[in-house]
């Protein structure tokens, strides 16, 4: 009997920790970036896009570099030749000459690109929500009301995780694909990124779901 009680005491924290880790794992697996909608122009049905310029529209050099790198990698997996705007129009050039759209388009067309894929953060929201506390009761206790000692020993080791308020950051992004020759919008997708843990991870996931949506919409092979 003593050995059984001893084993129960050893198992209680292990079971509680296993439960907590499982909850954290399920939370970590929840998608943080997803495409919420997309639109495709009828004019895109007969187009073939083998050479694409990707452009992240931001003044943040690190973000621009990271997003364009990840989009390039995902598109190249589909056999598409990709040029990053930061390699053609580095930050120093943009500061010196400004955002001259005619100059940018002339360069893109001159290099023989079929299309331009732009990415921009169009909105940002902060949501405050209450995360309720959780009680983890011990396992394997019986006869709680038989004595003070039994009742006390049942409830004393109960673990309680108090509730708290949490601020969630939500970023809304828009991806647009333009025909390099006609400048017409061919495809657009809206995405939402919820509490990104880091720029690199958020960018990788964004590139994956965006290019995946382009493939679903039959814009690329």
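The values are calculated or read from the model by the stated rules, or taken from the named source; none is laboratory data. Computed from a prediction, not measured in an experiment: that's the story for all the values here. No Cβ is skipped: glycine too gets one built from the backbone with ideal geometry, and neighbour counts run over all protein chains shown.
Observations, loosely collected:
- Test: residue 12 is assigned to a helix (DSSP H, G or I), modelled with pLDDT under 90 and either more than 25 Å from residue 201 (Cβ to Cβ) or under 22 Å from the mean Cα position of the chain (by Cα) (or both): yes
- If you check 188, 147, 200 for being at pLDDT below 90 and closer than 25 Å to residue 89 by Cβ, only one passes: 200.
- Residue count for the stretch 156-184, restricted to those that are touching a strand residue (DSSP E or B) at 6+ places or on another chain (Cβ under 6 Å) and closer than 20 Å to residue 82 by Cβ: 8
- Across the stretch 186-200, the number of residues qualifying as in a strand (DSSP E or B) and free of Cβ contacts under 8 Å to residues at least 60 places away in the same chain comes to 0.
- Condition check for residue 188: out of contact with any helix residue (DSSP H, G or I) (no Cβ under 9 Å at 6 or more places or on another chain), closer than 20 Å to residue 53 by Cα and surrounded by 14 or more Cβ atoms within 10 Å (Cβ to Cβ): yes
- Hey, residue 159 surrounded by 13 or more Cβ atoms within 10 Å (Cβ to Cβ), within 24 Å of residue 51 (Cα to Cα) and modelled with pLDDT under 80 or not: no
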